[in-house]
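Take a look at the structure below.
The values are calculated or read from the model by the stated rules, or taken from the named source; none is laboratory data. Quick caveat: nothing in here was measured; it's all calculated off a predicted structure. Quick reminder, even Gly has a Cβ in these numbers, built from the backbone with ideal geometry, and neighbours come from all protein chains shown. For accessibility, only protein heavy atoms count, side chains too; no ligands or nucleic acids. Shrake-Rupley method; radii C 1.70, N 1.55, O 1.52, S 1.80 Å.
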Amino acid sequence: MATSKIKVIKKTLKKAIDYIVNPDKTDAGLLVYSHGCSVETADIEMMLTAKQGTGRGERIAYHLMQSFSPEDDISPEKALEHGKEFAQKVTGGKYEFVIATHIDKGHIHNHIIFNAVDYVNHRKYHSDTKDKYRIRDINDEICKANNLSFLPKYVAKRKSKYENKHKKVKDTWENKLRRAVDRAIQQSETFDDFLFALEMEGYEKSNRQKRISFRAPGQEKFIRLKTLGDEYTEDAIRARIANKSAEHVNNKTVESDTSDVTREAAGGNNTEKAGSAESAKTGKNVPGQKRAFYSKRINLLVDISKNIKAQQSKGYEQALVRSNINTLVKTMNFLIEHKITTPEDFQIYTEGKNAEYSLYRKDIRNIENELLDLSEKIKFTQNYKKNAHTFYESKRVKNQPEYIREHEDQIVLFKASQIYFERKQINPKELNLSELFERYKALKEQKEELVKRCNPLKNEIEELDRIAQNIETALGIDFNENDESLGETKERNDHDQQK
């Protein structure tokens, strides 16, 4: 079974990278890939990025492991491709990472070491229990899409009634955007850099040219920057970028963020009333209000005879019976709606949806690869142009050793960018950052459009899997045998029950 693990690296980053890229384990180094850094100087580049980090702590990097079952039909080259997709989805393409596929043991496995600080906004990666579940979900999705085995779905621990009652009130979209803007300004040299930094954090920019607006993933409406305050208009942001040396952390914003959340928490009753009014207007549920809706989702049938709680409570047993009847009705309605009368019809329908989903996923993956390469190219182009003068000046000054010691970081970053461009056979002087930003933006929009089309397909495929299990449970149909129709099987089962 394919598995994934994550460990923290607090010391000896170079030793860890040297271990995973060992030529004896990686087919003489052919099964090694790096993003945002050169393998030869990965530890130094990661440490230089970490120096600019805003967070504290001993964690300097993370070590991801992705193992595949010996029974899976997978080549080392394919395993490395899965590792790239895995690392890209876990890190969002914003963290330097090195991947190495090991083939020295009985099973193929990937080692991924990524920086604890991202190179776009210099924020620290946050890893907790939820993140481990997220990482496993990503790995399971990759394995499922490529017909690889994976562990059965875990059962998440339910929160207690106390945890639900005293849960923290969510932060506002406006406050989150203010903090994102502040971080982006700190890491930007130009306004284009600023827009790119926000997009790398997941923010989507509105297409309206005159009104610069952003929205976060999951947010419905765009927020115009100028509505956030006088310091967040376009002119103010451009001025703040130009005068970054005098820019300081806006403590007032942080304090207001905290006070806003505190006020919302204190006014629980008012929030609930306001939520009810908003729900009445929009028809959507809001925090603090009980959800009341009719679910169209088709669930799995429950085996009541094996349910302990149903055996202990007659009322619960009756509730499960009603739920099962409702599930059966939805299942049969789906079959009737799509004119599916035989197992063969169902199989053809399912295969068609899977094929369509695979095409979308392939297109999305191609765009993700290009975005990954493009973000790396932007990073090295910025480093090259920013540090070129320092590097060439080090060749001209009289006291070279002293100058190099004083500007060691800039020279290392320039040399790393040179290694990247030589490996890619690119002339950095021919690159235009504005064009790279525009291309990145266009690709992001293409991906978002494909994801919008792909997600409903993914949900339908998951529902088809539940429908198949329901049919097998209720009607006793083996999908490997196509001798009789669904209607004939149902009639036969009804006749047997009457006997």
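Structure notes:
- Descending by average beta-carbon neighbour count within 10 Å, the peptides 6-16, 77-87 line up as 77-87, 6-16, the highest first.
- Size descriptor for the range 360-442, Kirkwood hydrodynamic radius: 14.3 Å (Cα pairs only, one decimal).
- Accessible surface ranking that places the most exposed of SER69, SER358 first, with a 1.4 angstrom probe: SER358, SER69
- Cα gyration tensor shape of the range 1-71, rounded if a/c is under 1.5, else prolate or oblate by comparing a/b with b/c: oblate
- Prolate/oblate/rounded label for the range 36-159 (Cα gyration tensor, a/c 1.5): oblate
- In terms of accessible area, using a 1.4 Å probe and ignoring ligands and nucleic acids, THR227, THR172 rank largest first as THR227, THR172.
- For LEU436, solvent-accessible area (1.4 Å; no DNA, RNA or ligand), Å²: 20
- Once the convex hull of all Cα atoms in the range 301-384 is built, its volume per residue stands at 186 Å³.
- Among the listed pairs LYS89/LYS132; LYS205/LYS444; LYS176/LYS447; LYS5/LYS132; LYS15/LYS130, those beyond 18 Å (Cα-Cα): LYS176/LYS447; LYS15/LYS130
- Charging the Cβ of each Asp and Glu at -1 and of each Lys and Arg at +1, and nothing else, the dipole of the range 169-230 about its Cα centre rounds to 380 debye.
- With all projection directions averaged, the alpha carbon convex hull of the range 359-401 covers 3.6 nm².
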